[in-house]
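Structure, as structure tokens:
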Amino acid sequence: MPLAGSQAHRPLPTHPAAASRSLSSSHRDSHGRLSGPALADSILWIAALNGRLNAVQKLLATPGTKVDAKNNAGATALHVACERGHTAVVKALLQAGAKVEHQDGALRRPLVGAAAGGYRDVVELLLEAGASKKSKSFERGLTAKYVAKALGHVDLLDIL
């Protein structure tokens with residue numbers, strides 16, 4: 001059964017301005033700009049989205065940066081790196097302690113994002129880091145294996 005409606009994979013904002021607007025507004029200066037730790041978290045999310053490994057590594061080494069900081073949609077840097085297939089970034093985030101079972105606001109897990117994109121290397125990294133093949137995403141409770149099959153990524157079925 002193909003994914004439809006609210007359960008369909010929806011890409012997250014890609015434009016840096018849209019991404020920073022969607023991140024938490026709890027650390028804004030008097031002009032509404034992100035500041036302090038929230039700015040580092042915002043940049044981490046954008047760097048992960050765009051596969052910028054060097055920037056991700058520098059930000060993870062910056063005191064106060066939270067590896068699991070969420071945007072307003074509940075997505076973490078790991079979610080967006082998995083959805084885009086940025087293997088090296090995913091590895092760096094996992095090494096920094098990113099949670100593999102975190103659900104975003106649409107109830108998606110990083111493993112489902114990687115499976116939806118057909119990113120075998122990312123799926124393998126997540127499974128090695130402890131992601132559960134049985135975890136369910138979306139309101140309908142779909143597994144990563146179901147999503148991969150529905151989207152034609154049959155090469156992932158043997159590991160999911």
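Only the coordinates and a few stated rules stand behind these numbers; no lab work does. Bear in mind that the values here come from a model prediction, so they are computed numbers and not experimental data. We place every Cβ from the backbone using ideal geometry, glycine too, and count neighbours over all the protein chains shown.
Just a few scattered comments:
- Total residues in the range 38-80, condition among the charged types (D, E, K, R) and either surrounded by 24 or more Cβ atoms within 10 Å (Cβ to Cβ) or closer than 17 Å to GLY105 by Cβ (or both): 3
- Members of the range 123-137 found to be in a helix (DSSP H, G or I) and over 17 Å from VAL154 (Cβ atoms), listed by number: LEU125, LEU126, LEU127, GLU128
- Answer residue from the range 69-102, given it is in a loop (DSSP other than H, G, I, E, B), of a type in the set (Gly, Ala, Ser) and free of Cβ contacts under 8 Å to residues at least 40 places away in the same chain and is nearest to VAL123 (Cα to Cα) among those: GLY85
- Output for the range 81-134, where each listed residue is among the polar types (S, T, N, Q), farther than 18 Å from ALA69 by Cα and crowded, with 17+ Cβ neighbours inside 10 Å: THR87
- Flag for VAL147 being of a type in the set (Val, Ile, Thr), over 15 Å from the mean Cα position of the chain (by Cα) and not in a strand (DSSP E or B): yes
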